[in-house]
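So the structure is just underneath, and the comments pick up after that.
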Amino acid sequence: MTSTIEAPEANPIGFGRMKRKEDPRFVRGQGNYVDDLQLPGMLYGAVLRSTLPHARIVSIDTSAAEAHPKVKAVITGKTLETLNLAWIPSLSHDVLAVLATDKVRFQGQEVAFVVAEDRYSARDALELIEVEYEPLDPVIDAKQAILPGATVIRDDIAGKTDNHIFDWEAGDKAATDAVFAAAEVVVTQDMLYPRVHPAPMETCGAVADMNKVTGKLTIWCTTQAPHAHRTLYALVAGLPEHQIRVVSPDIGGGFGNKVGIYPGYVCSVVGSILTGKPVKWMEDRSENLMSTSFARDYHMHGEIAATREGKITGLRVRVLADHGAFNNTAQPTKFPAGFFHIFTGSYDLQAAHCAVTGVYTNKAPGGVAYACSFRVTEAVYLVERMVDCLAGELGMDPAELRMKNLLRKEQFPYTCKTGWVYDSGDYPRALELAMEIAGYDELRREQAEKRKRGELMGIGISFFTETVGAGPKKHMDILGLGMADGAEVRVHPTGKAVVRLSVQTQGQGHETTFAQIVAEQLGIPPLDIDVVHGDTDNTPFGLGTYGSRSTPVSGAAVAVAAQRVRDKARIVASAMLEVSPDDLEWEKGRFFVKGDPSASKTIQEIALGAHGTVELPEGVEGHLDADCVYDPPNLTFPFGAYICVVDVDRGTGVVKVRRFIAVDDCGPRINPMIVDGQIHGGLADGVGMALMEVIAFDKEGNCLGGSFMDYLLPTSLECPSWELGMTVTPSPHHPIGVKGIGESATVGSPPAVVNAVLDAIGVRHADMPLTPAQVWRAMQGTPLRTDLAIE
Amino acid sequence: MQVTMTVNGNEVTATIEPRLLLVHFIRDHLLLRGTHWGCDTSNCGTCVLWMDGEPVKSCTVLAAMANGREIRTVEDLERGGVLDPVQQGFIEEHGLQCGFCTPGMMMTARWLLDHNPDPSEEEIREAISGQICRCTGYKNIVSAIRWAAEHPSTTEVNA
Amino acid sequence: MDNALALLERHGSESRIIAGGHSLLPMMKLRLARPEVLIDINDLGDLSYVRRDGDELCLGAMARHRDLLNSHEAGTLFPILHDAERVIADPIVRNRGTVGGSICQADPSEDLSAVFAALRATAVIGSSKGTRKVAMDDFHIGPYSTAVGPAEMLLEVRIPVQHGSGSAYEKVERRAGDWAIAAAGAALRVEGGSVSYAGIGLAAVGAEHFRCARAEASLLGQRASEESFSEAARLVSESVNPVADQRGPEDYKRHLAGELTLRALRRAAARAEGQGG
């Protein structure tokens, strides 16, 4: 199903383009971010970090720092050991050092925490702490780390003799091997999805305030998952959960970076407990880049099997996953490689198999963050690169090859070879539309002419299938917490409403979108609906915002709660109109009597009635509210077709992204303006990752991406003016059919850019980022290994 | 040391450490928190404000260097309850998501339009190229600034 | 000015001059630079000129990058100045950053150092004892190190105006606003069909004094042609000493130095012929 873009309406009652409710405060500089918070008597914390990637701690002398006149407390691993907080559980059934006690295991690891009267003094005091290290060999290269005899990083784990974390596989190995054995064509390609960082503009931070009188701990924190944080604090620190309040105020971008609990948060809490004062801690940019959740770092070996006519038959992949020093990815328990097994992508094939091995290295822990957190980004990159490699091998146009193998509309719901059940889609239509917008044939003609003149122009395609909205409780949990989310809708007597969410916006516009979801169900204008989120004292439990799960999961919870409100409104209206509920018909905003539209009650009248003296049937309580805990029956599967056009300077290797066409299908669009914005941001991510973003390490284990001078983010000059198109295929199992859009473009765009550049230079593969140096080297046949220092 | 400067039309005098950065003075001492901080290396531009009528990165100016100068921050864009067209443009065109880079972007945009009332897309992109936005992919920021150029005297007050 | 020089005299090496602050303040924030005394010269409006003085274009040390970019005269006399300024940092940084600060920081990747080397500019250095002139070759005495003494400050840069000359600057960066992976500037004067002046400035490739004397010499007396330019570019590639870093490996930077030299020479020659470019 395809729909055309509807005419903008200023303030739709329900779905449609409307200006964001949150914007008036932001454009006035009145956002309320963690660092904006000032509390009476507030102290400031700062973290001392390891300069070495791997070393035994011989001693830590904090006496000079403690003697600093403005210092109120100095906390080390020893302090935390007395509180049983030196180590905390990671999100992936490992442990994570809060402040190092035995060894430091990556450059930038937390070693001590100073609490002082002001920001600058706290930093001054860090310099007064003397740490004696005994350096150990750093293990930086994942390929070396996994070898027998490699220096053991995690000797804190009893009996650990190697750096191996896990082996995990999906698909049918025997069937896949058989398909490959019989294949007419097999193409093999190694590729690295290098370590990148979400780098939100606001770094991570917290203000912790332990009220000694009431025993209540309040933590204002840059978190995408306030409820999960609260429960984890309760479980780990043994604090009673009702005495913890986590508040996530305005968040300056998250992208997965703000899912986990960082040592700085825990230290702020301990600092507040020790000093009896509120303690603020904010990272600087280097701390953010060097120590918080990175993403990717997947070394992939891909093989694709096909017939000579270009029918793809099988896909096989081995992955070496570099998880850094602690396994702290935020994956659902059963899925240590996240949803990587969506790597069969959008194609109809006979068999597929993947095997993923996780390994420790002396690098920062994480491995989850930066849309899409659940490894879909890696999976899509793998398959979309492999398909292009195959097209090259077969001498086929990559669009034609994709068209030949895309799943057909009638195959949905489709169970893929690794077990996912894709909900709905019309893939060929999306690709056709993207090619139409791009003027694909004309572009190929232009390219051919340019080639004759020696000019390099490239056209890259990617087609992606996302899997979002994690997820069904029977399959998915994080540390035992099911991935269901709650919502509450309450209509006030005057017909205004409040909706309370478990998820937390970091810029996605929840205050607008969720009001529109309720508006669509109840006919109450969005401006009359307050959206409350980000405060555990005032919202229902849920796992938070990441993996594009807000709309698929929480959006469903809100829609169902609102539908329940409407069901109750029907009963109230029937009492008010003195007819049977079955005799009422709903039209957005009112119930009327069938056959007599003039006999009606608006939702506002019903709300007043529900809170008033209307006599309700036996067993029906007054008021107008409902809640819902939504346990999704399946994930949702947004998809899209992207085309990128680049020009490459043959003499310098400089890539210019000339055009980018993105056709997305995320089901019905609640607010098309916001959806477009989400896509724009993800496309810029794709340009960044494909062309410039990387965190490499040198042999000594130094992080080479520790500032914005070294970790490059795309500016307005690298981003083209995005060209968007859409198709709309509702999800059949979702209450309002929506599929989620937050990460689609981040997932889908990198391979389009890479495919375009490689198409331009006529090289089968070179790893991201395709910097001018990498492009030039690829043209010389000697591409760089981008995860290590360039030598 | 003591500094005196004019901030959004008001003269302020304060005793400060010589090493205090202007961004921290504005945020922590004057409690004008619309100006943000995002990096250590003058790359991100979330701290952009005006000094003597010109956008500067306030993380790379000492408060002491602003002595005797005139500072204008995002809080001064709205005048008499009327949003600056740039502010209105960012709302109209969805020029912001998380809002963190927004004040800096708007201060640069206002300056650009004061000096070039009808900038092309290229000129807008060049003007904001020292400021990072992680959310919008810039297209809607460009549109927002164009909206402001096309509505130079908007009087609509939004919400 | 006298006050600034007196302060320098008094505090010597414990002090640092601060102008735009875009090099010094980040280093101070990272606690890599820890001056005891900062001498703020932003009020020295006297030094912010971009003006012609006889046969020279004079740039005050406090001229901001933006001032230089806004100077029609500078851009007309030396298009290389505008080529370079358009790609130095970003527009907001250019509002603050100064000509003097840039070259005194003496970062090996700094663009204006290469430009001034190509143009054979002269630095005028002042102290409480008076002023002295230093040729660009003698101004840079190594990475992050200049001829400006502890009690001295740079006052201006003077560029000799040559009639019938053309100049251009070519830079490749990983992203807008980044430091150069490599950059090359060229200034040419062509008289009677042959090259009578050649300046080749290079940034980020380990060129001695930001120049390539061999390539410059190879052009003198030659026709301004693709052939002579290619030879000069080859000599540049051969002569430079780039260091591999995350911007690129040594072989690429070496290649780039030649490629960009060639492009800069072509454009400089076209401009010298008044054909624009």
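The values are calculated or read from the model by the stated rules, or taken from the named source; none is laboratory data. Computed from a prediction, not measured in an experiment: that's the story for all the values here. With ideal geometry, Cβ positions are generated from the backbone for all residues, glycine too; neighbour counts draw on all protein chains shown. Note: areas computed on protein heavy atoms with side chains; ligands, DNA, RNA excluded. Shrake-Rupley method; radii C 1.70, N 1.55, O 1.52, S 1.80 Å.
Odds and ends about this structure:
- Members of region B:1-29 found to be closer than 20 Å to B:Lys57 by Cα, outside any helix (DSSP H, G or I), open to solvent by 50 Å² or more (accessible area, probe 1.4 Å) and not charged (D, E, K, R), listed by number: B:Gly9, B:Pro18
- Test: residue in region B:93-107 that is more than 30 Å from A:Gly705 (Cα to Cα) and either surrounded by 20 or more Cβ atoms within 10 Å (Cβ to Cβ) or touching a Lys or Arg at 6+ places or on another chain (Cβ under 6 Å) (or both): yes
- Meets criteria (within 14 Å of chain B (Cβ to nearest Cβ), of a type in the set (Gly, Ala, Ser), open to solvent by less than 30 Å² (accessible area, probe 1.4 Å) and touching a residue at least 24 places away in the same chain (Cβ under 8 Å)) for A:Ala55: no
- The listed residue being within 19 Å of the chain's Cα centre (by Cα), in a loop (DSSP other than H, G, I, E, B) and buried (at least 24 other Cβ atoms within 10 Å of the Cβ), out of C:Val205, C:Val157: C:Val205
- Out of A:Val27, A:Val34, one residue alone is within 14 Å of another protein chain (Cβ to nearest Cβ) and touching a Cys at 6+ places or on another chain (Cβ under 8 Å). It is A:Val34.
- Any hit, region A:361-383, residues being farther than 26 Å from A:Lys143 by Cβ, open to solvent by less than 10 Å² (accessible area, probe 1.4 Å) and modelled with pLDDT of 95 or more: no
- Residues considered: A:Gly742, A:Gly737, A:Gly701, A:Gly653. Of these, the only one that is open to solvent by 10 Å² or more (accessible area, probe 1.4 Å), touching a residue at least 12 places away in the same chain (Cβ under 8 Å), small (Gly, Ala, Ser) and part of a loop (DSSP other than H, G, I, E, B) is A:Gly742.
- Criterion applied to A:Val629, A:Val663 was being surrounded by fewer than 24 Cβ atoms within 10 Å (Cβ to Cβ) and of a type in the set (Val, Ile, Thr), and the one residue passing it is A:Val629.
- Residue among A:His611, A:His680 that is touching a Cys at 6+ places or on another chain (Cβ under 9 Å) and either under 28 Å from A:His734 (Cβ atoms) or open to solvent by 10 Å² or more (accessible area, probe 1.4 Å) (or both): A:His680
- Screening region B:114-139 for residues that are in contact (Cβ under 8 Å) with a residue 24 or more places away in the chain and surrounded by fewer than 22 Cβ atoms within 10 Å (Cβ to Cβ) and picking the one that is nearest to the other protein chains (Cβ to nearest Cβ) gives B:Glu121.
- The residue of region C:249-277 that is nearest to the other protein chains (Cβ to nearest Cβ), among those that are touching a Ser or Thr at 6+ places or on another chain (Cβ under 7 Å) and under 21 Å from A:Val654 (Cα atoms), is C:Glu259.
- Candidate set from region A:569-598 (those that are among the basic types (Lys, Arg) and touching a strand residue (DSSP E or B) at 6+ places or on another chain (Cβ under 6 Å)); member that is least open to solvent (accessible area, probe 1.4 Å): A:Arg590
- From B:Arg146, B:Arg72, residue being touching a Pro at 6+ places or on another chain (Cβ under 9 Å) and either on the phi < 0 side of the Ramachandran plot or among the acidic types (Asp, Glu) (or both): B:Arg146
- Within region B:41-57, the residues that satisfy the criterion of being crowded, with 23+ Cβ neighbours inside 10 Å and within 13 Å of chain A (Cβ to nearest Cβ) are B:Ser42, B:Asn43, B:Cys44, B:Gly45, B:Thr46, B:Cys47, B:Val48, B:Leu49, B:Lys57.
- Total residues in region A:751-791 satisfying the condition of being out of contact with any strand residue (DSSP E or B) (no Cβ under 9 Å at 6 or more places or on another chain) and of a type in the set (D, E, K, R): the figure is 1.
- Being open to solvent by less than 10 Å² (accessible area, probe 1.4 Å) and either within 14 Å of another protein chain (Cβ to nearest Cβ) or closer than 30 Å to C:Ala186 by Cβ (or both) is a property that C:Gly60 has.
So that you can scan it fast, the table gives a plain yes or no per residue for (1) over 22 Å from the mean Cα position of the chain (by Cα); (2) of a type outside the set (A, V, I, L, M); (3) over 29 Å from A:Met18 (Cα atoms); (4) in a helix (DSSP H, G or I):
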{"site": "A:Tyr642", "(1), (2), (3), (4)": "no, yes, no, no"}
{"site": "A:Arg658", "(1), (2), (3), (4)": "yes, yes, yes, no"}
{"site": "A:Ile674", "(1), (2), (3), (4)": "no, no, no, yes"}
{"site": "A:His680", "(1), (2), (3), (4)": "no, yes, no, yes"}
{"site": "A:Ser716", "(1), (2), (3), (4)": "yes, yes, no, no"}
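- Extreme residue, surrounded by the most Cβ atoms within 10 Å (Cβ to Cβ), among residues of region C:63-106 that are within 25 Å of C:Arg271 (Cα to Cα) and among the polar types (S, T, N, Q): C:Ser71
- Flag for A:Gly469 being touching a Leu at 6+ places or on another chain (Cβ under 9 Å), in contact (Cβ under 8 Å) with a residue 40 or more places away in the chain and buried (at least 21 other Cβ atoms within 10 Å of the Cβ): yes
The rows are residues; the columns are (1) of a type outside the set (Phe, Trp, Tyr); (2) more than 21 Å from A:Phe637 (Cβ to Cβ); (3) surrounded by 19 or more Cβ atoms within 10 Å (Cβ to Cβ).
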| position | (1), (2), (3) |
| --- | --- |
| A:Leu406 | yes, no, yes |
| A:Lys417 | yes, no, yes |
| A:Ser424 | yes, no, yes |
| A:Tyr427 | no, no, yes |
| A:Ala430 | yes, no, yes |
| A:Tyr440 | no, yes, yes |
| A:Lys452 | yes, yes, no |
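- A:Leu192 closer than 25 Å to A:Tyr360 by Cα, modelled with pLDDT under 95 and surrounded by 19 or more Cβ atoms within 10 Å (Cβ to Cβ): no
- So B:Ala64, is it aliphatic (A, V, I, L, M) and open to solvent by 10 Å² or more (accessible area, probe 1.4 Å): yes
- Pairs meeting the criteria (first residue in region A:225-246 and farther than 14 Å from A:Ala208 by Cα, second residue among the basic types (Lys, Arg), beta carbons under 9 Å, at least 6 apart or on different chains) are A:Ala225/A:Lys258; A:Glu241/A:Arg230; A:His242/A:Lys216.
- Residue in region C:13-52 that is nearest to the other protein chains (Cβ to nearest Cβ), counting only those that are assigned to a helix (DSSP H, G or I) and closer than 20 Å to C:Val157 by Cα: C:Gly45
- Selected residue [surrounded by fewer than 18 Cβ atoms within 10 Å (Cβ to Cβ) and at pLDDT 95 or above] from A:Ala64, A:Ala73: A:Ala64
- Residues being at pLDDT 95 or above, polar (S, T, N, Q) and open to solvent by less than 10 Å² (accessible area, probe 1.4 Å) are entirely absent from region C:234-246.
- Pairs, first over 15 Å from C:Gly201 (Cβ atoms) and of a type outside the set (Asp, Glu) in region C:214-240, second in a helix (DSSP H, G or I) and modelled with pLDDT under 95, C-beta under 9 Å, six or more apart: C:Ala224/C:Ala272
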